[in-house]
Each structure stands twice: as structure tokens, then as C-alpha cells.
Amino acid sequence: MEEFWDWWQHLPQNIDPVIFEIGWFKLQYYGLMYIVAFAITFFLVLQRIKKEDRFEMTSDQVKDATTYLILGLIVGARLGYVAFYNLSYYFKHPLEIILPFSFSDGVAFTGISGMSYHGGLIGVILAGWLYVRKAKLNWWDGVDLYIPVIPLGYTFGRLGNFINGELYGRVTTSSIGMFFPLAPTRELRHPSQLYEAFFEGIFLFAILWSIRKINLPT
């Protein structure tokens with residue numbers, strides 16, 4: 001048992017967030033998790049409109065709506081991070097808001113780092129509202145269609161945070177704690193990303209999916 005806890009507590013230190021690297025280009029698991037989250041959300045929504053006759057959206061409209069939501073999420077999450085967490089820095093380095101490079105000490109490829117949950121939520125709501133108006137659809141039907149599947153996509157976002165070693169929790173004396181390399185002190189901390197991935201992701205998805213209204217064709 002001691003071997004398991006030792007493996008568990010040092011797991012974040014043994015995970016490389018980079019899948020592969022070619023020169024200045026790096027493909028990271030965090031970006032891959034976003035792609036998986038978007039794909040799962042999209043295909044579950046498609047399955048809903050095919051099997052639940054109460055929704056009037058077509059598959060083409062789902063594709064367009066999902067594109068709007070993805071763009072809203074990415075833009076909102078990025079601008080939210082800039083505005084809520086690091087505004088003074090980006091005032092001095094505005095190009096880094098949209099470019100995957102750091103210019104503070106020469107030029108270095110960093111990827112787009114820094115996304116805000118709150119900004120992403122605002123972006124998704126605005127993008128969804130814009131699409132519903134454009135397509136002349138019912139707002140609440142769209143919300144009802146997407147909301148039950150979103151938590152499952154959220155799961156993979158938090159797994160990406162865990163692999164990156166970010167958004168760790170408070171210091172703990174419990175064996176369930178982990179050592180995170182980016183933490184300011186070398187102390188066990190709650191893996192809050194995994195808690196959220198399970199409770200706000202898988203668990204919430206299971207509840208919402210089970211209570212969704214289904215009107216099957218007769």
C-alpha cells in the first residue's frame with residue numbers, strides 16, 4: 001500500500017504535459033483535451049437531435065451552433081484570463097494575447113497559455129445568444145439541448161489542468177494529496193482538478209443526462 005501512495009503522491013511530477021516537440025513547436029495534452037471535449041459534446045448533441053424528436057435543430061445547425069460556442073469559449077476564456085488575472089502584463093505585451101509567443105525576453109514559443117473559466121462561460125453565453133438570434137431558434141430549447149452534455153466535456157478540461165500541474169488545491173496532510181511541481185512549496189496538496197473532473201464533470205453529467213426530458217417518436 002505504501003508503494004501505491006508513493007506513486008500516487010508523485011504522479012504529477014512524473015507526467016510530461018508535452019506529447020511531442022519538434023523544434024519550437026510543442027503539442028501538449030492540454031490542447032488535446034480541449035479537442036476531445038469539443039468532439040464529445042458535438043457528437044452527444046447530434047445523437048440527441050436524432051433520437052429526441054422535440055428538438056427542431058438540424059445537424060447543420062448543430063454544427064454551426066457548436067462552432068459558435070467553441071469560438072465563444074476560446075475567445076472568452078482567453079480575454080477573461082487577460083482581464084481578470086494578468087491585465088497589467090498584457091497592457092505591456094498586447095501581442096501575447098492572441099499570439100502563441102512570449103516577447104518579454106526575446107521571442108519564444110509558449111502556446112496560448114492562460115484561460116479563464118468565468119470568461120469562457122461569458123463567451124459561450126454570448127456566442128450562443130448570437131447564433132440563436134441569427135438562426136431564429138428558441139433560446140431555451142438550445143440551452144436544454146446542450147446543458148446536459150457540457151459537464152462531460154468539462155471533465156477533460158480539468159484533466160488537462162491536472163496534466164499541466166496547475167489549479168492544484170490547498171495543502172493537506174491526507175495521503176490523497178499530491179506533490180505538484182509548480183506549487184510554491186513542496187507540500188502535499190489536494191488534486192482539486194481531479195475532484196472537479198469527477199464531481200462537476202462525470203457525476204453532474206450522469207445526473208443531468210438521467211433527468212433530461214425525452215420525447216421519443218411514436
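The values are calculated or read from the model by the stated rules, or taken from the named source; none is laboratory data. What you see is a predicted model, and the numbers here were worked out from it, not measured in a lab. No Cβ is skipped: glycine too gets one built from the backbone with ideal geometry, and neighbour counts run over all protein chains shown. We work out accessible area using only protein heavy atoms, side chains counted, and drop any ligands, DNA or RNA first. Shrake-Rupley method; radii C 1.70, N 1.55, O 1.52, S 1.80 Å.
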Note: Leu167 to Ile98 extended length (0.36 nm per residue) minus current alpha-carbon separation gives 22.6 nm
Treating only Lys and Arg (+1) and Asp and Glu (-1) as charged, each at its beta carbon, one finds that segment 111-172 has a dipole about its Cα centre, in Debye to the nearest 20, of 140 debye
For the chain, the dipole about the Cα centre with charges only on Cβ (Lys and Arg +1, Asp and Glu -1), to the nearest 20 debye, works out at 720 debye
Contour minus Cα-Cα span, Tyr85 to Arg133, at 0.36 nm per residue, comes to 14.1 nm
For the chain, averaging the sequence separation of alpha carbon pairs under 8 Å that lie six or more residues apart and dividing by its residue count, the contact order in percent is 27 percent
Once amide hydrogens are built 1.01 Å from N within the peptide plane, the residues lying 5 or more places from Lys26 or on another chain with amide H under 5 Å from its amide H are none
Carbon and sulfur atoms account, in whole percent of the 1.4 Å probe accessible area of the chain, for 65 percent
Across Gly160, Gly114, Gly23, the residue with the highest GNM fluctuation in the chain (Cα network, 10 Å cutoff) is Gly23
With 0.36 nm assigned to each residue of separation and the Cα-Cα distance removed, Tyr195 to Glu52 gains 48.3 nm
For Thr155, the net charge from surrounding residues (Cβ-Cβ under 13 Å; K, R +1; D, E -1) works out to -1
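So how many Lys-Lys pairs in the chain land under 18 Å Cα to Cα, not counting same-chain pairs under 8 apart?
Values: Lys50/Lys63; Lys50/Lys213; Lys51/Lys63; Lys51/Lys213; Lys63/Lys134; Lys63/Lys136.
Qualifying lysine pairs in the chain: 6.
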Per residue, accessible area of the chain with a 1.4 Å probe, heavy atoms of protein chains only, in Å², comes to 62 Å²
Along the dipole axis of segment 164-218 (charges at Cβ: +1 for Lys and Arg, -1 for Asp and Glu; origin at the Cα centre), the most positive-end residue among Tyr195, Ser210, Thr173 is Ser210
Normalised per residue, the volume inside the convex hull of the alpha-carbon atoms of the chain in Å³ amounts to 162 Å³
Rounded to the nearest 10, the angle in degrees between the Cα long axis of helix 59-85 and the longest principal axis of the Cα atoms of the chain comes to 40 degrees
Charge dipole of the chain built from unit charges on the beta carbon (Lys, Arg +1; Asp, Glu -1), centred at mean Cα; most positive-end Cα among Gly142, Leu11, Gly72 is Gly142
